[in-house]
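See structure below.
The values are calculated or read from the model by the stated rules, or taken from the named source; none is laboratory data. Treat the numbers as computed from the prediction; the structure is a model and nothing was measured. FYI the Cβ positions are ideal-geometry reconstructions off the backbone, even for glycines, and counts take in every protein chain you see. Each accessible area value is taken on the protein alone, full model and side chains, heavy atoms only, with ligands, DNA and RNA left out. Shrake-Rupley method; radii C 1.70, N 1.55, O 1.52, S 1.80 Å.
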Amino acid sequence: MENSKIVIKTENLTKIYGEGEVAVRAINNVDLTIKAGEFTALVGPSGSGKTTLLNMIGGLDAPTSGKVWIDKVDISTLSNNRLIDFRLHNIGFVFQAYNLIPVLTAKENIEFIMLLQKRPKAERQQRVLALLKEVGLSDKKDSRPDALSGGQQQRVAVARALASKPKFILADEPTANLDSKTAGKLLDTMAALNHEEGITFIFSTHDQRVIERAHRVITLVDGAIAKDELIEYPSDHAQPETA
Amino acid sequence: MLLQIAWKNIWRNKVRSLVVLGSVVLGVWVGAFMVAYIYGLMNQRLKDATEYEVSHFQLHHPNFDRDKEAKYFLDNSTDLLGEIQKDKAIRAATARVIAYGVVASAKSSTGGKFIGVLPESENAVTGIGDFVIEGNYLKSNAKNKAIIGEKLADKLKVKVRSKVVLTFPAADGSIAAGAFRIIGIYKTYNKGFEESNIYVNAPDLAKLTETPNQFHEIAALLHQPDSLEAYTATLQAKHPEVFLETWKELSPELGLMIDSFDQYLYIFLIIILLALSFGIINTMLMAVLERGREIGMLMAIGMNKGRLFGMIFIETLMLVLIAAPFGLAFAYFTVSYFGEVGLDFSEVYDEGYAALGFKSLIYPAMENAYYFKIIVMVVITAVLSSLYPAWTAIRLNPVEAMSKL
Ligand SMILES: Nc1ncnc2c1ncn2[C@@H]1O[C@H](COP(=O)(O)OP(=O)(O)OP(=O)(O)O)[C@@H](O)[C@H]1O
Ligand SMILES: [Mg+2]
């Protein structure tokens, strides 16, 4: 089954900040597998290593030891520039803030990543409009980020992440700067994309209401996986392999 | 797209961009105008030197230059002068009898250069008659008359109608002396010149040097200064026995100044542009660091270093290249304007300039080639000052850049 393909696999993933006495094991021997179509929340107390884990999976930060495979590619073998290119074509990112280029409109921000991918103009334009519609911002296509609310900005970021047709989307606390109602709407958008198009999402969060929307919840404590639970999973989606 | 983003980024911080634009405009303007001013100054000095002093070229006996002795006159100088004066390429030519000696008045005495001239043709070549401010210029039929410079007149404490005695060696080595009555006092902008040169009629001086009907010097102006090299080569070939010198050899300091003008121009412009580029680099560096989070985000989502570099590079380059044409245009218009009316610093500088033989009214001028050279240098500056900010941008680490709060 196509959906059950493994998109992310980590093995003995470890990140240590600092040396000797002051060394911090931000991530400690994490083995994790994410399959296509999952809608996973990464939770845990502050400092538990959520950001560190997502950064390593996203190829933004290099592990101290251990490996990350993305769709069978060991990303630690990629040179810096190849890694940037790999991210461009394989991973979608939604950050907590500062996702968008302030001088470009919503439409241009989404188109930008496809330009980086050198996609043809016709495809870009058609896709931008479709994505804006999916995230419910068709009427804001010519607005610049500063004319959008925080929630709208995050939805543009989700659309931008989707535009590159990534294998999965990483979102580090995408709702942290949003009120709970707006956060809920963003989650609606993400869940719909996951449900209808099978987009794989991994997001970290502190928000209990956001956690409730996830199908799989991984709890980190002190850089290790303390809990990995499946919530209800739609039948047309693969069951994740849990330890 | 990169162009478009770069363009939009420029206007993110309008004040800052306008400051950079303004300083580039000003720098290029001032730089170009100063170059034109120096160029005008030199052109004028060159024109004065050739038109009033050394002419385009001069002929002497081969030994005259070294020894300055009366016996080294030009052979058949009258015929030679006639031949040159007839040439269509020649605007004016004259011949001179020259002696170096002592000039004495009733009150004082000093060294001087005595020039026996043919009043009409001398005036056609150097226009010395136009500089007479008191009394009259020489006439060829009046005997033993002299005109002297104002500075020398002061030194000798003489006036128009005073008498001076010139003493100098004749052709056979004996000492000759003659009394001349001052009929005119001239004043030029070149004090050194004014202080030593005494003009008399050629036959009067030739009689004393015992070189009748001979001349020591022929000086000529061409219609086309550009044809100097070609013309003098031909003339020299025809008269290999004469010693021919062009203004560059006659006034070597002037030749050197003209020849090294390009170097001065470059040094001057490089200093201005260097100062400018520090300003640009500093400002753009601030812009890059301020946008650290955004740059980190762009790298994170997949903008490679080449593109990122290009984006910042283009942004800086654009700023400079937008401003530079304005600077050049301002320079062009101000140079054209002052090139017509002249720039007068006489209040401030008259004495200083005059001592060096410069006039105080300067007409800035610039050949189009120099505008082109300035454009090239500005572009090089723009490129160089764009590199560092762009390089700084690509060295940012995406995670660190984004986590900065
Ligand atoms: N650049 C760094 N240098 C040193 N220590 C770091 C660095 N980044 C993270 N850490 C440490 O690593 C540990 C994990 O941090 P991380 O940011 O991954 O936690 P988190 O779960 O994302 O926390 P939060 O919920 O507050 O975002 C923390 O102890 C943190 O202090
Ligand atoms: Mg975090």
Accessible-area value, B:LEU222, 1.4 Å probe, nucleic acids and ligands omitted, Å²: 0
The answer for GluC sites (Glu not before Pro) in segment A:1-107 that fall in a DSSP coil and have at most 11 neighbouring Cβ atoms within 10 Å is A:GLU19
Please give, to one decimal in nm, the separation of the simple spin-label points placed at B:ASN63 and A:LYS72, each 7 Å out from Cα toward the Cβ. 10.3
Pick from B:VAL15, B:VAL125, B:VAL379 the residue whose mean-square fluctuation is largest in a GNM of chain B, springs joining Cα atoms under 10 Å. B:VAL15
On a straight-distance basis, which aspartates and glutamates could pair with B:LYS151 in a cross-link, Cα separation under 12 angstrom, same-chain partners fewer than 8 positions away excluded? B:GLU194, B:GLU195
Suppose accessible area is computed on protein heavy atoms with a 1.4 Å probe; arrange B:TRP7, B:TRP247 from highest to lowest. B:TRP7, B:TRP247
Computed E for B:ALA142/B:LEU256 - FRET, C-beta separation, R0 51 angstrom, nearest 0.05: 0.80
So how much accessible area does A:LYS35 have, in Å² to the nearest 10, using a 1.4 Å probe? 30
Sorted by chain and then number, the residues having a modelled amide H within less than 5 Å of the amide H of B:PHE57, at least 5 places away or on another chain, are B:ALA220
Suppose a student asked you for the relative contact order of chain A, using Cα pairs under 8 Å spaced at least 6 residues apart; what percent would you report? 29
Over 27 Å between Cα atoms: which of A:LYS140/A:LYS185; B:LYS47/B:LYS145; A:LYS50/A:LYS165; A:LYS121/A:LYS181; B:LYS88/B:LYS238; B:LYS163/B:LYS187 fall into that group? B:LYS47/B:LYS145; A:LYS121/A:LYS181
Which value, in square angstrom to the nearest 100, describes the accessible area buried between chains B and A on both sides, using a 1.4 angstrom probe? 2200
Quick check on segment B:55-250: what does the Kirkwood estimate of hydrodynamic radius come out to from the alpha carbon pairs, in Å? 16.9
Put a dot 7 Å past each Cα toward the Cβ at B:ASP75 and B:GLN224; how far apart are the dots in nm? 3.2
Applying 1/(1 + (r/R0)^6) with R0 = 30 Å to the Cβ-Cβ distance of A:GLN126 and B:ASN282, what FRET efficiency is obtained, to the nearest 0.05? 0.10
Measuring from label point to label point, each 7 Å out along Cα→Cβ, what is the A:HIS206 to A:ALA62 span in nm? 3.2
If I ignore ligands, DNA and RNA and count only protein heavy atoms, how much of B:PHE131 is accessible to a 1.4 Å probe, in Å² to the nearest 10? 40
Just counting partner chain Cβ atoms within 10 Å, what average do the residues of peptide B:300-311 show around their Cβ? 6
For segment B:206-271 versus segment B:9-84, the gap between their alpha-carbon centres in whole angstrom: 14
Pick from B:ALA124, B:ALA93, B:ALA287 the residue whose mean-square fluctuation is largest in a GNM of chain B, springs joining Cα atoms under 10 Å. B:ALA287
Charges on Cβ only, +1 for Lys and Arg, -1 for Asp and Glu, centred on the Cα centroid of chain B; of B:VAL19, B:HIS56, B:VAL379, which one is farthest towards the dipole's positive end? B:VAL19
Could you calculate the FRET efficiency of A:ASP85 with A:VAL24 from 1/(1 + (r/R0)^6), where r is the beta carbon distance between them and R0 is 30 Å, rounded to 0.05? 0.45
Residue order for B:PHE372, A:PHE168 - accessible surface, 1.4 angstrom probe, largest first: B:PHE372, A:PHE168
Across A:VAL24, A:VAL221, A:VAL68, the residue with the highest GNM fluctuation in chain A (Cα network, 10 Å cutoff) is A:VAL24
For B:VAL383, placing the label point 7 angstrom along Cα-to-beta-carbon and taking segment B:298-338, residues whose amide nitrogen sits under 13 Å are B:317
Kindly identify segment B:274-313 as rounded, prolate or oblate by the Cα gyration tensor criterion: order the square roots of the eigenvalues as a ≥ b ≥ c, call it rounded if a/c is under 1.5, otherwise compare a/b with b/c, prolate if a/b is larger, else oblate. oblate
Per residue accessible area of segment B:129-227, 1.4 Å probe, in Å²: 46
When only Cα pairs under 8 Å and 6 or more residues apart are kept, what is the percent relative contact order across segment B:55-250? 35
Using only the Cα atoms of chain B, what semi-axes does the equivalent ellipsoid have when each is the square root of 5 times a gyration tensor eigenvalue? Give whole Å, largest first. 64, 22, 16
Cα-based Debye curve of the protein assembly as shown sampled at q = 0.06, 0.10, 0.11 Å⁻¹ gives log₁₀ I(q)/I(0) of -0.57, -0.92, -1.04
So how much slack lies between B:ASN13 and B:MET34, counting 0.36 nm per residue of separation and subtracting their Cα-Cα distance, in nm? 4.4 nm
Considering only protein heavy atoms and a 1.4 Å probe, what is the carbon-and-sulfur percentage of the accessible area of the protein assembly as shown? 56
Over chain B, calculate the relative contact order: mean separation of alpha carbon pairs under 8 Å at least 6 apart, over the residue count, as a percent. 26
If the label point sits 7 Å along Cα→Cβ of B:LYS238, residues of segment B:77-105 with amide N under 16 Å come out as B:77-94
For B:MET286, A:MET56, give the ranking by accessible area with the largest first, probe 1.4 Å. B:MET286, A:MET56
For chain A, list log₁₀ I(q)/I(0) at each q in 0.09, 0.10 Å⁻¹, using the Debye formula over Cα point scatterers of equal strength and ignoring solvent, two decimals each. -0.37, -0.46
Determine the shielding of peptide B:389-399 by partner chains: average, over its residues, the number of Cβ atoms on other chains within 10 angstrom of each Cβ. 2
Accessible area per residue in Å² at 1.4 Å probe, computed on chain A: 44
Hey, can you grab everything whose amide H is under 5 Å from the amide H of B:GLU134? Only 5+ residues off in sequence or another chain; H modelled, so Pro and N-termini drop out. B:ILE185
